[in-house]
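Contents: one structure, followed by commentary.
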Amino acid sequence: MTDLASTDTPAAAVLTETDDSTARLHRNLFIAIAALLVIAPFVAYPVFVMKVLCFALFALAFNLLLGYGGLLSFGHAAYFGMASYVSAYTAKNWGLTPELAILLGTAVAALLGTVFGALAIRRQGIYFAMITLALAQMVFFFSLQTPRFTGGEDGIQAVPRGKLFGLISLADDRALYWLVAAIFMAGLLLIYRIIHSPFGQVCKAIRDNEPRAISLGYRANQYKLMVFVLSATLAGLAGATKAIVFQLASLTDVYWSMSGEVVLMTLVGGLGTVFGPIVGALVIVSMQNYLATLGAWVTVVQGVIFVLCVLLFREGIVGVIAKAIKKPL
Amino acid sequence: MFELLGIPPQALFGQVLLGLINGSFYAILSLGLAVIFGLLNIINFSHGAQYMMGAFVAWMCLNYLGLNYWVALLLAPIIVGATGIAIERLLLKRIAHLDHLYGLLLTFGLALIIQGLFRNQYGSSGLPYAIPPQLSGGQNLGFMFLPNYRAWVIFASLVVCLGTWFLIEKTKLGSYLRAATENPTLTQAFGINVPLLVTLTYGFGVALAAFAGVLAAPIYSVNPNMGGDLIIVVFAVVVIGGMGSIMGAIVTGFSLGLIEGLTKVFYPEAAATVIFIIMVLVLLVKPAGLFGRQA
């Protein structure tokens, strides 16, 4: 039932065996990503790159849950959006420094993820998806009805970027960029570490065959909850960072279409691949930026990409590359 | 005038009526979802978009072709159901062998396409659709005023729900359907055309959504987003009821609409979330849902 990634993405199945040449390839890729992060703000508009990085981290967090835990959450906007509200609110109204505001937003997402995760893992498959979606919709209504906290339809605007550790001003885009890049890199490394840890291996075993994992003595539900909380927390980190970057938290971030967008990014990039969600986020965010003038047609284009991905392109961009070079990416 | 817990009776019965009407839509939509889920194992995420299409087809019938409400009530489910059949044949068939979650993702993509197309064509502001003249006006029941159209909506949805229940639980065609749900391979071996049954079932489920859409058109303004938020509430209804039984979908749909209506009277702030709160409580006590079977 929950073998979503393994049956259709051979790339994910191979990933269990990480031999020396693969490890070397991954290390080189990390170096390449770090190098790209260093040059990016000089060749591209820094705010655009920061947007891509925030969404890439969001997609990475989502992929940790779906690609490696086999759990399709359709309500990840809740953690992303709630963290973004908390971080925006505390930075603006309590005058917290950006790093504390982000940490607090992330912590609230972790808490929310624990409660929602504990409820949702009681059901599996499609039900799990519907429950996460319904719970996320509750968060949306909460955000809509508590304008004193969320600003209602207007959102929280003009959030101060503040001074990092109370010392370094982040008003300049370049200065803020290094913080965002560092957060992204740390998130990516953490997720890589989680996937390749014994904990990650057990998660994959549960994804592939839950009854068997249980018969081997693993408490499947505890692992599922744990990976859910980790994913929600990292999604929150992405949302909190985004609030500081754009100085804005709004209802769009908690609405269910945001949950759909992160699924799309992961699918396009490659479900169950380490680097896929980054590519997926880059593609979708660029698309939204360049097609913005088309208005509602963007939704149609996104829908078409969704359908095509599910019908013809289930491995995603990175999944296809991984298959071609016969190495997990 | 007597008062009930400090609430004037007009307001109370008005909300009960409104709750029953919303409940009618929940019931028809969750019934359609249950029928589709039973045979295709797909949560039809485009159900809300197909409900919206039903309302729009009714509006188009009136404004482009001059066809009245009653013709639309018959025609819209057939037209939208036909698009459902095309979707099943062209798209859903190709992913039937995959994990069920791909069905959810595919229909989600379809919902985005349908909503986007309608939004481009008609904008988001909403179009009016008049109540048919035969059903305008209302009855004074003494304790409240009952608009005829609203009474009709509740009546029509009850008839359709019970008709569907009868079709599935009591007829020969329904027994084929239930057999195919239990064991498609074996049913096929008995000479029953299961792929055709699957296609028709999807078409029928979609037609139910469109029927609800036509019923809704005179009450709510016809707009491209009318299905998007409704469908998530219906998902919650489905989780609460469980997908086990057709009757479960009907009973849960109506009762949750009623509960929502009553919440609007006694504690309006919680009205938008009360169904989700009930969902959480039911999940804690009975994870399989009130009428569902434990997997």
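The values are calculated or read from the model by the stated rules, or taken from the named source; none is laboratory data. Since this is a predicted model, take the numbers as computed values, not measurements. Positions of Cβ are generated from backbone atoms using ideal geometry, with glycine treated the same way; all protein chains shown enter the neighbour counts. With ligands, DNA and RNA removed, areas are computed over all heavy atoms of the protein, side chains included. Shrake-Rupley method; radii C 1.70, N 1.55, O 1.52, S 1.80 Å.
Using every pair of separate Cα atoms, the Kirkwood estimate puts the hydrodynamic radius of the stretch B:173-295 at 16.7 angstrom.
For the protein assembly as shown, what does the accessible surface come to per residue with a 1.4 Å probe? Please give it in Å². Please list the in-between numbers first.
Values: 24660 Å² over 624 residues.
Value for the protein assembly as shown: 40 Å² per residue.
Which of the lysines could a cross-linker bridge to residue A:204, judged by Cα under 23 Å and excluding same-chain residues fewer than eight apart? Answer for residue A:204, where 23 Å is the Cα cut-off: A:224, A:323, A:326, A:327, listed by chain and number.
Quick check: convex hull of the Cα atoms in the protein assembly as shown, volume per residue, rounded to a whole Å³?
Values: hull volume 102.5 nm³, N = 624.
Per-residue hull volume (Cα only) is 164 Å³.
Overall, the accessible surface of chain A at a probe of 1.4 angstrom is composed of carbon and sulfur to the extent of 67 percent.
Work out how much length residue A:93 to residue A:185 would gain on full extension: take 0.36 nm times their residue separation and subtract the Cα-Cα distance, in nm to one decimal.
Details: separation 92, 0.36 × 92 = 33.12 nm, distance 2.91 nm.
Contour length minus the Cα-Cα distance gives 30.2 nm.
For the stretch A:198-237, which trypsin sites (Lys or Arg not before Pro) are in a loop by DSSP, counting at most 15 other Cβ atoms within 10 Å? Don't jump to the answer; show the numbers that get you there.
Details: sites: A:204, A:207, A:212, A:219, A:224; in loops: A:219.
Within the stretch A:198-237, the qualifying trypsin sites (Lys or Arg not before Pro) (loop, at most 15 other Cβ atoms within 10 Å) are A:219.
Dividing the summed helix terms, -39500 (n - 2.57) for each DSSP H run of n ≥ 4, by the number of residues in chain B produces a 222 nm estimate of -24000 deg cm²/dmol to the nearest 500. FRET efficiency for residue A:287 and residue B:183, Cβ-Cβ distance as r, R0 = 45 Å, nearest 0.05? My answer for the efficiency is 0.55.
With a cut-off of at most 16 other beta carbons within 10 Å, and DSSP calling the residue loop, which chymotrypsin sites (Phe, Trp or Tyr not before Pro) in the stretch B:53-148 qualify? Please list them.
Working: sites: B:56, B:59, B:64, B:69, B:70, B:102, B:108, B:118, B:122, B:129, B:143, B:145; in loops: B:129, B:143.
Of the chymotrypsin sites (Phe, Trp or Tyr not before Pro), the ones in loops of the stretch B:53-148 whose Cβ has at most 16 other Cβ atoms within 10 Å are B:143.
Inter-chain Cβ neighbour count for B:94-102, averaged per residue, equals 6 (cutoff 10 Å, partner chain atoms only). With both labels modelled 7 Å from their Cα along Cα-to-Cβ, the residue A:313 to residue B:281 distance reads 4.6 nm. Here the stretch A:65-189 is treated with +1 on each Lys and Arg Cβ and -1 on each Asp and Glu Cβ, and its dipole about the Cα centre works out to around 220 debye.
Loop only by DSSP, 12 or fewer other Cβ within 10 Å of the Cβ. Give me the chymotrypsin sites (Phe, Trp or Tyr not before Pro) in the stretch A:90-140 that pass, ordered by residue number.
On the way: sites: A:94, A:116, A:127, A:128, A:140; in loops: A:94.
Sites meeting the loop and neighbour criteria: A:94.
Here is what passes the span test in chain A: the DSSP H helices with alpha carbon length of 30 Å or more along the helix axis and a Kyte-Doolittle mean of -0.5 or above are A:20-43, A:46-69, A:98-120, A:125-145, A:173-195, A:220-246.
Within 15 Å, Cβ to Cβ, of residue B:284, how many net charges do the neighbouring residues add up to if Lys/Arg are +1 and Asp/Glu are -1?
Values: positive: A:122, A:123, B:286; negative: none.
With Lys, Arg at +1 and Asp, Glu at -1, the net is +3.
The separation of the stretch A:148-197 from the stretch A:47-85, counted between C-alpha centres, amounts to 14 Å. The long axis of helix B:100-122 is offset from the longest Cα principal axis of chain B by roughly 50 degrees.
Between the stretch A:234-249 and the stretch B:121-142, the C-alpha centres lie 44 angstrom from each other.
Angle, helix B:69-90 long axis vs. longest principal axis of chain B, Cα atoms, 0 to 90°, nearest 10? Its long axis makes an angle of about 30 degrees. Build a GNM of chain B with springs between Cα atoms under 10 Å apart, and of B:65, B:39, B:29 the one that fluctuates most is B:65.
When a/c reaches 1.5 or more, the comparison of a/b and b/c decides; with that in mind, is the stretch A:175-238 rounded, prolate or oblate per its Cα gyration tensor? List each step's numbers first, then the result.
On the way: a/c = 4.63, a/b = 2.74, b/c = 1.69.
The shape class here is prolate.
The Rg/Rh ratio of chain A, with Rg taken over Cα atoms and Rh as the Kirkwood radius over Cα pairs, comes to 0.96. Ordering A:187-195, B:180-188 by mean Cβ neighbour count within 10 Å, with the highest value first, yields A:187-195, B:180-188. So which residues in the stretch A:120-137 end up with at least 30 square angstrom less accessible surface once the other protein chains are there, compared with the chain by itself, probe 1.4 angstrom? Those are A:122, A:123, A:126, A:127, A:130, A:131, A:133, A:134, A:137, which lose 30 Å² or more relative to the chain on its own.
Net charge within 14 Å of residue A:180 by Cβ-Cβ distance, Lys/Arg positive one each and Asp/Glu negative one each, not counting residue A:180 itself? All intermediate terms of the calculation are to be shown ahead of the outcome.
Working: positive: A:51, A:161, A:174, A:242; negative: A:99, A:172, A:173.
Result for the neighbourhood of residue A:180: +1.
Normalised Debye scattering of the stretch A:14-127 at q = 0.13, 0.18, 0.24 Å⁻¹ gives log10 I(q)/I(0) of -0.75, -1.11, -1.24, counting only Cα atoms as equal scatterers and leaving out solvent. Between 0 and 90 degrees, the angle of helix B:194-216 with respect to the longest Cα principal axis of chain B falls at about 10 degrees. What does the charge count around residue A:218 come to, taking other residues whose C-beta lies under 11 Å from its C-beta (Lys +1, Arg +1, Asp -1, Glu -1)? Here the count lands on +2.
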